[in-house]
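The values are calculated or read from the model by the stated rules, or taken from the named source; none is laboratory data. Keep in mind the model is a prediction, meaning the values are calculated, not measured. A quick note on method: Cβ atoms are made from the backbone with ideal geometry, for glycine too, and the neighbour counts reach across all protein chains shown. The area values use the complete protein model at the heavy-atom level, side chains included, leaving out ligands, DNA and RNA. Shrake-Rupley method; radii C 1.70, N 1.55, O 1.52, S 1.80 Å.
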Amino acid sequence: MSDSKDPKASNQMWGGRFASGPAAIMEEINASIDFDRKLYAQDIRGSIAHAAMLGNTGIISAEDCDKITHGLNTILSEIESGSFVFSRRLEDIHMNIESRLAELIGPAAGRLHTARSRNDQVALDFRLWVKEELQRTEAALSGLIGAFLDRAEEHADTVMPGFTHLQTAQPVTFGHHCMAYVEMFGRDRQRVRHAIEHLDESPIGAAALAGTGFPIDRHMTAKALGFREPTRNSIDTVSDRDFALEFLSIAAIAATHLSRIAEEIVIWSTPQFGFVRLSDAFSTGSSIMPQKKNPDAAELVRAKTGRINGSLVALLTIMKGLPLAYSKDMQEDKEQVFDAAESLELALAAMTGMVRDMTIRADRMKAAAGTGYSTATDLADWLVREAGLPFRDAHHATGHAVALAEKRGCELADLSLADLQAINPAITDGIFDVLTVEASVASRQSFGGTAPSEVRKQIAWWRARN
């Protein structure tokens, strides 16, 4: 065994990347600047508000407050112009900015950290970022809802098959189908709004975990930063990542909804269905099969759901065993949220584009709507309404009619009156008025039903709220 003091010889277990030994490993695992630099604008905004409060309360001089504010604005310009040099040696975005501030304005920079800790500072930065991301998500959801409303209005009368178990069930309209997604994404948007309300409290001033002995004004900083009020418990303030978990939960649910419509688009665009046609903007070809037009955008939206779900599970797992208050584990929260946010933004934009851009093939939808004995329920309902049968008896008689049509290889509307009367003599020729898909959808006028008149009512209700 060699007793060499050569770091490369003594630390081979870490490999070439960690040639300087444990110190290099600590720097590698401890540094967060590679990802938390994304919080630079929020960090500077929070520091400017904190400095203004310190100056207003007399904790620091007006001169120092002015120097700090000018220096922070200079740093903001440097970062946005690309001239700022980030250092991994300084660990995180907070220390990188503070170090540069000291270079710019000297000792006054050291006064900025009075009455605060990196614990409440990062809680503030991250909360501000998530709040802004939620606002962007709300706008994106509104855009997607608007796209579905436009297609629903355009196709309020377009008949298509409705499915259960992916089997033809009853005729519906494509407008009604679009409005189902309006409801889904509307709930997502409402969850976003609730999340913004839940996180709308300012963490700054909680300090490390116990608050501070300086006479700070937390209501002043909360107002300056656009929060409703300050948080009410300093321990919870630096421990809390509910706002991040709530964002990821919302993202996962919204991504699930996106995945469902993506799956339908994939199915609908196959030659076997042919309900929609995607434009070249949202499709790709095959490298070997020239006839192929693949719905790659929809497939990638579908795949993003797994990635977003993974981020939620990861952060839940990080937080589940942490004692109060702050632990370094919580540094792992941001990458999950940043990645999920980027994935959700992209998926929402892609889906909005696909919904607005895809061609609806109404002829194929209508042809499919009449297959699979989709008006069987209308036959049963007619027997209840016109012939006075109990629904279970009507259901039984309709089953006989379906079996006969299957045997004959025809649709229900193609059976003769004599055929139907042999099943139940109470049937009259009025039955043929309800066996068309158009009559079927027109009859479904219950609140929230598929009748075109009802679909238009729901569109008007949503337009007033979008």
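Structural remarks
- Residue among Ala401, Ala397 that is open to solvent by less than 30 Å² (accessible area, probe 1.4 Å), in the same structural domain as Asn424 (by the TED database), over 26 Å from Met160 (Cβ atoms) and in a helix (DSSP H, G or I): Ala397
- Yes/no for Thr371 being of a type in the set (Ser, Thr, Tyr), surrounded by fewer than 19 Cβ atoms within 10 Å (Cβ to Cβ) and under 37 Å from the mean Cα position of the chain (by Cα): yes
- Residue, farthest from the chain's Cα centre (by Cα), within segment 409-418, restricted to residues that are at pLDDT below 85 and in a helix (DSSP H, G or I): Asp414
- Failed item in (1) outside any helix (DSSP H, G or I); (2) surrounded by fewer than 22 Cβ atoms within 10 Å (Cβ to Cβ); (3) hydrophobic (A, V, I, L, M, F, W, C), with Met184 passing the rest: (1)
- Of all residues in segment 278-291 being surrounded by fewer than 16 Cβ atoms within 10 Å (Cβ to Cβ) and closer than 21 Å to Gly353 by Cα, the one that is modelled with the lowest pLDDT: Gly285
- On inspection, His198 fails the criterion of being closer than 19 Å to His50 by Cβ and either among the β-branched types (Val, Ile, Thr) or in a helix (DSSP H, G or I) (or both).
- Index of the failed condition, Arg361 passing every other in (1) open to solvent by 70 Å² or more (accessible area, probe 1.4 Å); (2) modelled with pLDDT of 85 or more; (3) among the charged types (D, E, K, R): (1)
- From the options Ala108, Ala41, Ala31, residue that is free of Cβ contacts under 8 Å to residues at least 40 places away in the same chain and farther than 18 Å from Gly205 by Cα: Ala41
- Members of segment 428-465 found to be of a type in the set (D, E, K, R) and closer than 20 Å to Thr168 by Cα, listed by number: Glu438, Arg444
- The condition (being surrounded by fewer than 18 Cβ atoms within 10 Å (Cβ to Cβ) and without any contact (Cβ under 8 Å) to a residue 40 or more places away in the chain) is satisfied by just one residue among Glu342, Glu335: Glu342.
- Candidate set: segment 136-166, residues that are among the β-branched types (Val, Ile, Thr) and touching a Phe, Trp or Tyr at 6+ places or on another chain (Cβ under 7 Å); chosen: the one least open to solvent (accessible area, probe 1.4 Å): Ile145
- With respect to the conditions (1) over 30 Å from Leu144 (Cβ atoms); (2) surrounded by fewer than 22 Cβ atoms within 10 Å (Cβ to Cβ); (3) touching a helix residue (DSSP H, G or I) at 6+ places or on another chain (Cβ under 8 Å), Lys223 lacks only one, and its number is (3).
- Considering segment 62-115, and only residues there that are open to solvent by 20 Å² or more (accessible area, probe 1.4 Å) and not in a helix (DSSP H, G or I), the residue that is farthest from Ile25 (Cα to Cα) turns out to be Thr114.
- Considering the conditions (1) open to solvent by 40 Å² or more (accessible area, probe 1.4 Å); (2) of a type outside the set (D, E, K, R); (3) outside any helix (DSSP H, G or I); (4) farther than 30 Å from Leu248 by Cβ, Leu389 is excluded by exactly one of them, (1).
- Asp92 of a type in the set (Asp, Glu) and within 21 Å of Thr74 (Cα to Cα): yes
- From Ala413, Ala439, residue being within 28 Å of Asp150 (Cβ to Cβ) and not charged (D, E, K, R): Ala439
Conditions (1) at positive phi; (2) small (Gly, Ala, Ser), marked per residue:
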site: His177; (1), (2): no, no
site: Val182; (1), (2): no, no
site: Gly186; (1), (2): no, yes
site: Glu197; (1), (2): no, no
site: Asp200; (1), (2): no, no
site: Gly211; (1), (2): yes, yes
site: Ile216; (1), (2): no, no
site: Ala224; (1), (2): no, yes
site: Arg232; (1), (2): no, no
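- Picking from residues in segment 226-277 that are aromatic (Phe, Trp, Tyr) and under 24 Å from Phe148 (Cα atoms), the one that is most open to solvent (accessible area, probe 1.4 Å) is Phe273.
- Some residue of segment 123-138 being assigned to a helix (DSSP H, G or I), within 22 Å of the chain's Cα centre (by Cα) and hydroxyl-bearing (Ser, Thr, Tyr): yes
- Qualifying residue in segment 78-99 (condition: at pLDDT 95 or above, over 36 Å from the mean Cα position of the chain (by Cα) and among the charged types (D, E, K, R)): no
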